[in-house]
Amino acid sequence: MNENKSKTLFERAKKVLPGGVNSPVRAFAPYPFFVEHAQGSKMYSADDTTYIDYCMAYGALLLGHAYPDIAEAVKNQLAKGSLYGAPTEREVEFAELIAKSSPCMEMLRLVNSGTEATMHAIRAARGYTGRKKIIKFEGCFHGSHDNVLVKAGSGATTFGAPNSLGIPEETTRNTIVVPYNDFEALEETMKREDNDIAAVIVEPVLANVGLILPKKDYLSYLKKITSDYGAVLIFDEIITGFRLALGGAQEYFKVKPDMATLGKVLGGGFPLAAFGGKKEIMQNISPVGKVYQAGTFSGNPVSATAGFTILNILNKKKNEIYPKLEKNCVELKKALTDSAKAHKVQAQVYNIASLYQIFFTKEPVTDYACAKLSDTQMFTTYFHELLRQGVFIPPSQFETCFLSTAHTEDDLKHTINAFDKALSKTAKEKTS
Ligand SMILES: Cc1ncc(COP(=O)(O)O)c(C=O)c1O
């Protein structure tokens, strides 16, 4: 047994990595478990513990860990080289497959992360419209670049303020933050800004403040109002892409934006993302146009091979994969809802496709402000008890849980049992 190996590793890590981690979401008290290996639905820690994983690398692993076909394809590619700095046939066939799968993607460019994808999509929209300002929504996360790291202020329709040190006010002055699901607030902002908005960027389903679903017709309203005011509508589908359906939220809600960003699932577990959309916008990207964008690792053959492999699988098996994921997710949602009721825990549970989350609050959650009313202490108790029961979920109330095709009936049974124990403990600690 290696009971304390994670603790020891964390102490070492803190000396060389800020907070002991390479991305802040991975840190939780007293210390995160360190992963030794993973397979299918499970992660195995350095302490010899096993977890059923509902984080799935923050949604990236739709087919679970170490999916054999992807591992095999990548191994074959590695033997032929990992990076060329020159184009390959693989990039072309992969881009063709993305364009076929994602409704708005007439043209696209491959990049390495979701952050890069949204940054370049916004630049493309600004270049195309010749305008500076963008609108984003409270609680939407579009990666960690300067333009979009603006949190909800009290005056949601006024100019945003940076929520990270190191971002100049001059940058975020051009980012306007509006509450999600609020038709009037957006309408007023568009009117006030009088054709000065280059782009409206949105997570079609909010999955970075827990899980928040769009109100009926909200996404088609976004389409209409952006079109009325000549702004580019960007769906950030880094999470919803290939999760809600093969064609993401665009297919699920039947709304086609001007541009979209894809990532996570698209890379088959490797660093890869894409931005794209209408040809008339994408044709402004260098070298054909004057919007500059470049990347040493963009479209590298290893990531492109992993992505091409998973997209082929999803195209072939979509009629089997998506209904099964949804059915399993509905089962987990029902179990959580029933347990919360049984233990008299005030909670809201939401799900869509293979995403679900519980909020510890008595009111429905329709936007960021509602989500922030949740009892995060209760969530922490729930999270730690699940962990004790061998179930790993993202450690924050303001994340979302993800299923994969690797989760088995036995996994679900174990999880449902763990939910009940975790909610029982949460209820007891709340009243004590
Ligand atoms: C909706 C959304 N957009 C963009 C990003 C940034 O992606 P990456 O972490 O690959 O830079 C994320 C990451 O979680 C995301 O959830």
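Checking each residue in segment 225-254 for being away from the ligand (no atom under 12 Å from the Cβ) and more than 24 Å from Lys327 (Cα to Cα) picks out Ile225, Thr226, Ser227, Asp228, Tyr229, Gly230, Ala231, Val232, Leu233.
Residues that are crowded, with 17+ Cβ neighbours inside 10 Å and over 22 Å from the mean Cα position of the chain (by Cα) within segment 388-415 comprise Gln389, Asp411, Leu412, Thr415, listed in sequence order. When segment 308-328 is filtered for residues that are touching a strand residue (DSSP E or B) at 6+ places or on another chain (Cβ under 8 Å) and surrounded by 21 or more Cβ atoms within 10 Å (Cβ to Cβ), only Tyr322 remains.
Checked against the criteria, Val92 does not count as surrounded by fewer than 20 Cβ atoms within 10 Å (Cβ to Cβ) and not assigned by TED's automatic domain parsing to the domain that holds Gly276. Restrict the check to segment 145-166 and report whether at least one residue is under 22 Å from Thr296 (Cα atoms) and either modelled with pLDDT under 95 or within 14 Å of the ligand (Cβ to nearest atom) (or both). Checked against the condition, which is being under 22 Å from Thr296 (Cα atoms) and either modelled with pLDDT under 95 or within 14 Å of the ligand (Cβ to nearest atom) (or both), segment 145-166 yields at least one hit. Residues of segment 106-137 that are of a type in the set (D, E, K, R), within 16 Å of the ligand (Cβ to nearest atom) and either part of a helix (DSSP H, G or I) or surrounded by fewer than 24 Cβ atoms within 10 Å (Cβ to Cβ) (or both): Arg109, Glu116, Arg123. The condition (being of a type in the set (Gly, Ala, Ser), assigned to a helix (DSSP H, G or I) and either touching a Phe, Trp or Tyr at 6+ places or on another chain (Cβ under 6 Å) or closer than 25 Å to Val265 by Cβ (or both)) is satisfied by just one residue among Ser374, Ser339: Ser339. Answer yes if at least one residue in segment 346-367 is part of a helix (DSSP H, G or I) and surrounded by fewer than 19 Cβ atoms within 10 Å (Cβ to Cβ), and no otherwise. Looking through segment 346-367, none of the residues is part of a helix (DSSP H, G or I) and surrounded by fewer than 19 Cβ atoms within 10 Å (Cβ to Cβ). When we screen Glu169, Glu193, Glu116 for residues that are modelled with pLDDT of 95 or more and acidic (Asp, Glu), the only hit is Glu116. The residues listed here are Lys334, Lys264, Lys317; of these, the one that is under 30 Å from Glu72 (Cα atoms), charged (D, E, K, R) and free of Cβ contacts under 8 Å to residues at least 12 places away in the same chain is Lys317. Taking segment 207-261 as the range and being of a type in the set (A, V, I, L, M, F, W, C) and more than 20 Å from Leu108 (Cα to Cα) as the test, the residues that pass are Ala207, Val209, Leu211, Ile212, Leu213, Leu219, Leu222, Ile225, Leu244, Phe253.
The values are calculated or read from the model by the stated rules, or taken from the named source; none is laboratory data. Everything numeric in this text was worked out from a predicted model, so none of it was measured. All Cβ positions, glycine included, derive from the backbone under ideal geometry; neighbour counts span all protein chains shown.
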